[in-house]
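Shown next, in structure tokens, is the structure this report addresses.
The values are calculated or read from the model by the stated rules, or taken from the named source; none is laboratory data. Everything numeric here is computed off the predicted structure, so don't read it as measured data. Note that we place each Cβ from the backbone using ideal geometry, even for glycine, and neighbour counts take in every protein chain shown.
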């Protein structure tokens, strides 16, 4: 089914390859991803026990190096030396695209500093998979996992609630019940998609209104990817004409055109041009 990689190492350039791996179903890996892993001299992986399941299925026998958030700095010099020596190294995470809320950024930046090629091998991603079935805006902001500090979380959610795009979060099953009240407080009126165990046998997708969210009676199994819809009530939150604005319009109504007044009042504010126009017409008709 796959080419014999032992005689084809010249087909790929030396460097660091970021190979996306399945987020659940092992059949989701790409042909190119398999070929790259087969031709790698070393594969950096978070948990060798998890990675071996995938590698065994596709008869990939490259040497493994454990590389997780607790030892990635320790591995840095050794890995850079191997890459400088002309070896091919792949970086994979337990699931999905490497360096997205997973180890990798430290090594990637060091490779860039040393002019070592970094090549992405695209594939599965829980982020784009969740957004694609959400039905929400295709413009999205990816946040990742929630922080440990409560103040940081409170401040971040407050700022994120001002975004009009969809927002994607990763949530640990142990934290979901603590997060739900915060989501309801900051994103009231919006919709939410909760994805659990994506591409696996017991995958689950819950579409609901954030205001209707309830805490889990039993802790859910598997990490959650959640998508919050865009803020469709954004226009309702726009500013309205103040009394000073109205007085200014009344003074200018016979001196400037309605278009000029509208542009002047709207400048630097979030007032609907339609509201300004309608008020101008009202004043004009009264005079």
* Structure fact -> Of (1) in contact with a helix residue (DSSP H, G or I) (Cβ under 7 Å, 6 or more places away or on another chain); (2) in contact (Cβ under 8 Å) with a residue 60 or more places away in the chain; (3) over 18 Å from residue 96 (Cβ atoms), residue 184 fails just (2)
* Structure fact -> Subset of segment 83-94, residues in a helix (DSSP H, G or I) and surrounded by fewer than 17 Cβ atoms within 10 Å (Cβ to Cβ), comes to 84
* What do you reckon, is residue 133 under 28 Å from residue 99 (Cβ atoms), touching a residue at least 60 places away in the same chain (Cβ under 8 Å) and surrounded by fewer than 18 Cβ atoms within 10 Å (Cβ to Cβ)? -> yes
* Hey, can you tell me all the residues within segment 57-74 that are surrounded by 15 or more Cβ atoms within 10 Å (Cβ to Cβ) and touching a helix residue (DSSP H, G or I) at 6+ places or on another chain (Cβ under 8 Å)? => 58, 60, 62, 64, 65, 66, 67, 72
* Asked: When you look at residue 101, is it on the phi > 0 side of the Ramachandran plot, in contact with a strand residue (DSSP E or B) (Cβ under 6 Å, 6 or more places away or on another chain) and either surrounded by fewer than 17 Cβ atoms within 10 Å (Cβ to Cβ) or not in a helix (DSSP H, G or I) (or both), yes or no?
  -> yes
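Let's see how each residue does on (1) over 34 Å from the mean Cα position of the chain (by Cα); (2) in a helix (DSSP H, G or I); (3) assigned by TED's automatic domain parsing to the domain that holds residue 96; (4) loosely packed, with under 15 Cβ neighbours inside 10 Å:
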{"position": "181", "(1), (2), (3), (4)": "no, yes, no, yes"}
{"position": "189", "(1), (2), (3), (4)": "no, no, no, yes"}
{"position": "192", "(1), (2), (3), (4)": "no, no, no, no"}
{"position": "199", "(1), (2), (3), (4)": "no, no, no, no"}
{"position": "218", "(1), (2), (3), (4)": "no, no, no, yes"}
{"position": "259", "(1), (2), (3), (4)": "yes, yes, no, yes"}
{"position": "263", "(1), (2), (3), (4)": "yes, yes, no, yes"}
{"position": "281", "(1), (2), (3), (4)": "yes, yes, no, yes"}
* **Selection within segment 150-179 - in contact with a helix residue (DSSP H, G or I) (Cβ under 6 Å, 6 or more places away or on another chain) and either in the same structural domain as residue 22 (by TED's automatic domain parsing) or not in a strand (DSSP E or B) (or both)** => 157, 161, 164
* **Which numbered condition residue 46 misses (of (1) under 28 Å from residue 141 (Cα atoms); (2) free of Cβ contacts under 8 Å to residues at least 60 places away in the same chain; (3) surrounded by fewer than 15 Cβ atoms within 10 Å (Cβ to Cβ))** => (3)
* To do: Take residue 112 and decide whether it is more than 17 Å from the chain's Cα centre (by Cα), part of a loop (DSSP other than H, G, I, E, B) and surrounded by fewer than 21 Cβ atoms within 10 Å (Cβ to Cβ).
  => no
* In segment 7-17, how many are surrounded by fewer than 23 Cβ atoms within 10 Å (Cβ to Cβ) and modelled with pLDDT of 95 or more? -> 1
* Hits in segment 198-207 - residues which are touching a strand residue (DSSP E or B) at 6+ places or on another chain (Cβ under 6 Å) and either at positive phi or free of Cβ contacts under 8 Å to residues at least 60 places away in the same chain (or both) -> 204, 206
* residue 33, sole failed condition from (1) part of a loop (DSSP other than H, G, I, E, B); (2) touching a residue at least 12 places away in the same chain (Cβ under 8 Å); (3) within 30 Å of residue 205 (Cα to Cα) -> (1)
